[in-house]
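Comments concern the structure below.
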Amino acid sequence: AQVRYASILDLPAQAKCGTLISLNMNAGLMADLPSLGSSGAEGVGLFRTELQFLVRNQMPKRSELSALYARVLDAAGGKRVVFRTLDIGSDKVLPYMKPNDEPNPALGWRAIRVGLDKPGIMRMQLQALIRAANGRPLTVMFPFVAQFEEFRAARLEVDKTLAREQKLGHVLPEKVEVGAMLETPSLAFAPKKFFEEVEFLSIGGNDLKQFFFAADRENERVRRRYDTLNVSFLTFLQGIVQRCEDTTTHLSFCGEDAGRPVEALCFAAIGFRNLSMRPASIGPVKSLLRRCNLEEVREIINAARDRGEMSVRADVMAYVKAQHQ
Ligand code: PEP
Ligand code: MG
């Protein structure tokens, strides 16, 4: 795939209508970082920090994490890296933590819920990130925020940790951006004040779609039952785009669907300007975006919706095929 798209590697992800889309990559291990150069990604839109916790048999030490995050920032060479704090629970169980016997782990004690209830781990991770930045800009994102208060509480932990680190004599990051993942439908309806306070939002489409349709992402029987290009889901996403435009909140999409070219095209058509995906998807997504006019795709989506169609996929696919001829 890398060879096939080599000719557009250094070209911008610019649609035919002129709109520029920022394409970023998802990562989680040091081994992913070389892809930052070879994929043409603008930065790391999602760094899944839990992978480092999952590949060991004991809790990593703060100094180890800090060294690792510093290497990630070194490898990124000034490109933005969005570090997502520990997202454990549900499908991601730490081998050295007592498993929770929960009837519905996906709806259970996971991600920021664990972080806020056991702030020791969250503080340790924030310290490691601040020390790794060592004067460079730092971007932190909290997973699975369901309501404004959770973001506020997490943000407060960042501020407290910064103050503590300064007292201890550590160099603070040049700037700290704090954002949230929008993975539960509730957050899309948070007060306007939340959208004003959060520095950026990233849609975790894997979880958001699972909760929107109430269809388990781990369950083969239902996980493909509902189309991402379902009109209801796209309308919901459009509402989020609109709220972010109203408050000039930076918005991105980092679930797996962002790496599927037709989905990515539709996201761009409804207003997303920043997508994050696995590195191998950047070439194919860019290639399709460069052949399409987003206004035309938006019209196709609106027309399908007006006709009462369930999904816009067939119509958008027909348009995409026509661009290849
Ligand atoms: C998501 O839910 O879309 C996401 C990016 O996070 P994860 O897949 O790690 O849950
Ligand atoms: Mg998620």
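The values are calculated or read from the model by the stated rules, or taken from the named source; none is laboratory data. These numbers were taken from a predicted model, which means no experiment stands behind them. All Cβ positions, glycine included, derive from the backbone under ideal geometry; neighbour counts span all protein chains shown.
Criterion first (in contact with a helix residue (DSSP H, G or I) (Cβ under 6 Å, 6 or more places away or on another chain), touching a residue at least 60 places away in the same chain (Cβ under 8 Å) and crowded, with 16+ Cβ neighbours inside 10 Å) does Met124 satisfy it? Yes. Scanning segment 197-224 for residues that are farther than 21 Å from Leu275 by Cα, away from ligand 2 (no atom under 16 Å from the Cβ) and touching a residue at least 24 places away in the same chain (Cβ under 8 Å) yields one hit, Glu197.
Within segment 187-213, restricting attention to residues that are among the small types (Gly, Ala, Ser) and within 15 Å of ligand 1 (Cβ to nearest atom), which residue is surrounded by the fewest Cβ atoms within 10 Å (Cβ to Cβ)? Give the steps one after another, and end with the answer.
Step one: of segment 187-213, the residues among the small types (Gly, Ala, Ser) are 188, 190, 202, 204-205.
Narrowing the set further to residues that are within 15 Å of ligand 1 (Cβ to nearest atom) leaves 188, 202, 204-205.
Details: Ala188: 17, Ser202: 27, Gly204: 26, Gly205: 24.
The selected residue is Ala188.
Picking from residues in segment 95-121 that are touching a helix residue (DSSP H, G or I) at 6+ places or on another chain (Cβ under 6 Å) and within 15 Å of ligand 1 (Cβ to nearest atom), the one that is farthest from Ala215 (Cα to Cα) is Gly115. Just one residue in the set Ile240, Ile300 is of a type in the set (Val, Ile, Thr) and either farther than 25 Å from Asp87 by Cβ or at pLDDT below 95 (or both); that residue is Ile300.
The residue list Gly108, Gly43, Gly89 contains one member that is under 21 Å from the mean Cα position of the chain (by Cα), under 19 Å from Leu138 (Cβ atoms) and not polar (S, T, N, Q), which is Gly43. Across segment 112-142, the qualifying residues are those that are at pLDDT below 95 and hydrophobic (A, V, I, L, M, F, W, C), and the one among them that is farthest from Asp74 (Cα to Cα) is Val114.
The condition (being over 21 Å from Asn274 (Cβ atoms) and not aromatic (Phe, Trp, Tyr)) is satisfied by just one residue among Lys79, Lys118: Lys118. All told, Asp74 falls short of being of a type in the set (Asp, Glu), surrounded by 15 or more Cβ atoms within 10 Å (Cβ to Cβ) and more than 22 Å from Ser281 (Cα to Cα). Evaluated against (1) within 22 Å of Pro191 (Cβ to Cβ); (2) surrounded by fewer than 19 Cβ atoms within 10 Å (Cβ to Cβ), Val145 falls short on exactly one condition, (2). In segment 38-53, of all residues being assigned to a loop (DSSP other than H, G, I, E, B) and modelled with pLDDT of 95 or more, the one that is farthest from ligand 2 (Cβ to nearest atom) corresponds to Glu42. Just to be sure I understand the filter: pairs with C-beta atoms under 9 Å, separated by 6 or more residues or on different chains, first member in segment 132-161 and at positive phi, second member more than 16 Å from ligand 2 (Cβ to nearest atom) and of a type in the set (Asp, Glu). Which pairs pass? Between residues of segment 132-161 that are at positive phi and residues that are more than 16 Å from ligand 2 (Cβ to nearest atom) and of a type in the set (Asp, Glu), the close pairs are Gly135/Glu174. Test Lys92 against the criterion of being in contact (Cβ under 8 Å) with a residue 24 or more places away in the chain and either within 16 Å of ligand 2 (Cβ to nearest atom) or over 24 Å from Val158 (Cα atoms) (or both), and give yes or no. It is true that Lys92 is in contact (Cβ under 8 Å) with a residue 24 or more places away in the chain and either within 16 Å of ligand 2 (Cβ to nearest atom) or over 24 Å from Val158 (Cα atoms) (or both). Does Ala154 count as part of a helix (DSSP H, G or I), within 15 Å of ligand 2 (Cβ to nearest atom) and either of a type outside the set (A, V, I, L, M) or under 26 Å from Asn26 (Cα atoms) (or both)? When the stated conditions are applied, Ala154 does not pass them. Checking each residue in segment 16-37 for being assigned to a strand (DSSP E or B) and either over 13 Å from Met277 (Cβ atoms) or among the basic types (Lys, Arg) (or both) picks out only Leu20. In segment 54-62 there is no residue that is more than 16 Å from ligand 2 (Cβ to nearest atom) and crowded, with 20+ Cβ neighbours inside 10 Å. Val82: touching a residue at least 40 places away in the same chain (Cβ under 8 Å), of a type outside the set (Gly, Ala, Ser) and in a helix (DSSP H, G or I), yes or no? In short, no. Take the conditions (1) assigned to a strand (DSSP E or B); (2) touching a helix residue (DSSP H, G or I) at 6+ places or on another chain (Cβ under 6 Å); Gly179 misses just one of them, which is (2). Taking segment 122-136 as the range and being in a helix (DSSP H, G or I) and either within 16 Å of ligand 1 (Cβ to nearest atom) or more than 17 Å from Glu149 (Cβ to Cβ) (or both) as the test, the residues that pass are Arg123, Met124, Gln125, Leu126, Gln127, Ala128, Leu129, Ile130, Arg131, Ala132, Ala133.
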